[in-house]
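All remarks here apply to the structure that follows.
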Amino acid sequence: FEEIFQNQFKENDKYLKEEVKTDSVEEGKESYVAIKKSKWRRMDYLKHSFNFSTFKEISFLQELEHPNIVKIRDIFFKDISIYVVLEYMVGDLHQLVHKDKASLSPSHVKYIMKEILTGLQFMHDKNIMHRDLKPGNLLISDKGEIRYADFGIARYYEREMLHDKETDSAQLTRNVCTRYYKPPEILYGANEYDFSVDIWGVGCIMAEITLGRHLFQGENELDQLNKIFSTLGNAVEDNWPGVSELPNYIEYDCEIQEDLDTLFSSQTEDFIDLIKNMIILDPSKRFTVKDALEHKYFTSEPPAC
């Protein structure tokens, strides 16, 4: 994968031109870092404030030290902005698949999925939901390593905190996940959810890097559900107990246009079985990240590379 990645990005100056070049005392040579800028914003009740998501992201990045998570190098303030200094990545998975049209072999896909799931397992073991998994938030190093980024809407998951007992109000926002990777329970307005929202996103990414296009590309949230049901079948009580009680539930009557078996007919049985267990309507039936990593897909031929 390192070889194909370097071939795709070797002539791409876009990221280099946007980065700040510094002297690396540790390595004794020039190196690049990425700078993420966040400005002050005016508030009615305070003179100035930063977007809370900026501080959340800084907090998570400081806590999460892992080979598959982008490293934070420094933080500094200047004028009315805060700058977060991150290790330099030369691209991301969205660019590789959609802009550079990289042709990824089954072995490359397997390598990428192992990297994604390994990083996600580390987060889930620490009770952290990312809640915005998509190729654009999966950065790639010059060696082809996958790094998670953008933790602005990540949060800790604690079942006992789902409701405020005094007000009986929901504690989890529905404003999570980018539309193409948003699971059906969120589209139906669920205010109680868990790590399975990330697993749905991983399944969509696996499909996307294999097909070279988005799996579900709705024009709005209602159409997003239509696209999902046209592949997986309609959400009803028989296949998803409790779905009709979700706040924004609407009964659909979609005919299946192309199911997962048809979409991935050229892939192995292990590939299809894994993706079917991540992209499943009922969140309680989805694989955990541990289930996914232990699936025989990762030990069967062809090997990851």
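Residue-level check: of (1) in contact with a strand residue (DSSP E or B) (Cβ under 6 Å, 6 or more places away or on another chain); (2) modelled with pLDDT under 90, Ser103 misses just (1). Here Glu57, Glu27 are screened, and the one residue that is at pLDDT 50 or above, outside any strand (DSSP E or B), over 25 Å from Leu138 (Cβ atoms) and not assigned by TED's automatic domain parsing to the domain that holds Leu138 is Glu27. Screening Asp261 with (1) under 22 Å from Tyr193 (Cβ atoms); (2) surrounded by fewer than 15 Cβ atoms within 10 Å (Cβ to Cβ) gives one miss only, at (1). Among all residues of the stretch 219-237, there is at least one that is closer than 30 Å to Ile128 by Cβ, assigned to a loop (DSSP other than H, G, I, E, B) and over 21 Å from the mean Cα position of the chain (by Cα). Only one entry in Lys227, Lys296, Lys290 is at pLDDT 95 or above, within 25 Å of Leu96 (Cβ to Cβ) and basic (Lys, Arg), namely Lys227.
For the stretch 241-278, which positions are within 23 Å of the chain's Cα centre (by Cα), farther than 19 Å from Leu117 by Cα and outside any loop (DSSP other than H, G, I, E, B)? Residues satisfying the conditions are Leu260, Leu263. Within the stretch 75-89, is there a residue that is under 18 Å from Ile205 (Cα atoms) and crowded, with 18+ Cβ neighbours inside 10 Å? No - not one qualifying residue is present in the stretch 75-89.
Condition check for Leu281 on (1) under 15 Å from Met113 (Cβ atoms); (2) assigned by TED's automatic domain parsing to the domain that holds Ile116; (3) in contact with a Phe, Trp or Tyr (Cβ under 9 Å, 6 or more places away or on another chain): one failure, at (1).
Report yes if some residue within the stretch 60-72 is modelled with pLDDT of 90 or more, of a type in the set (Asp, Glu) and not assigned by TED's automatic domain parsing to the domain that holds Thr268; otherwise report no. So far as the stretch 60-72 goes, yes, one or more of its residues are modelled with pLDDT of 90 or more, of a type in the set (Asp, Glu) and not assigned by TED's automatic domain parsing to the domain that holds Thr268. Can you name the residue in the stretch 113-136 that is part of a helix (DSSP H, G or I) and either among the small types (Gly, Ala, Ser) or in contact with a Phe, Trp or Tyr (Cβ under 7 Å, 6 or more places away or on another chain) (or both) and, of all such residues, is surrounded by the most Cβ atoms within 10 Å (Cβ to Cβ)? Here the residue is Gly119. Exactly one residue out of Cys204, Cys254 is within 23 Å of Leu120 (Cβ to Cβ), in contact (Cβ under 8 Å) with a residue 24 or more places away in the chain and touching a helix residue (DSSP H, G or I) at 6+ places or on another chain (Cβ under 6 Å), and it is Cys204. Against the condition in contact (Cβ under 8 Å) with a residue 40 or more places away in the chain, surrounded by 13 or more Cβ atoms within 10 Å (Cβ to Cβ), polar (S, T, N, Q) and touching a Phe, Trp or Tyr at 6+ places or on another chain (Cβ under 6 Å), how does Asn239 come out, does it pass? Taking the combined requirement at face value, the residue does not satisfy it. Within the stretch 88-112, the set of residues being in a helix (DSSP H, G or I) and touching a Phe, Trp or Tyr at 6+ places or on another chain (Cβ under 6 Å) comprises His108, Tyr111.
The values are calculated or read from the model by the stated rules, or taken from the named source; none is laboratory data. For clarity, every value in this text was computed on a predicted model and none was experimentally measured. We place every Cβ from the backbone using ideal geometry, glycine too, and count neighbours over all the protein chains shown.
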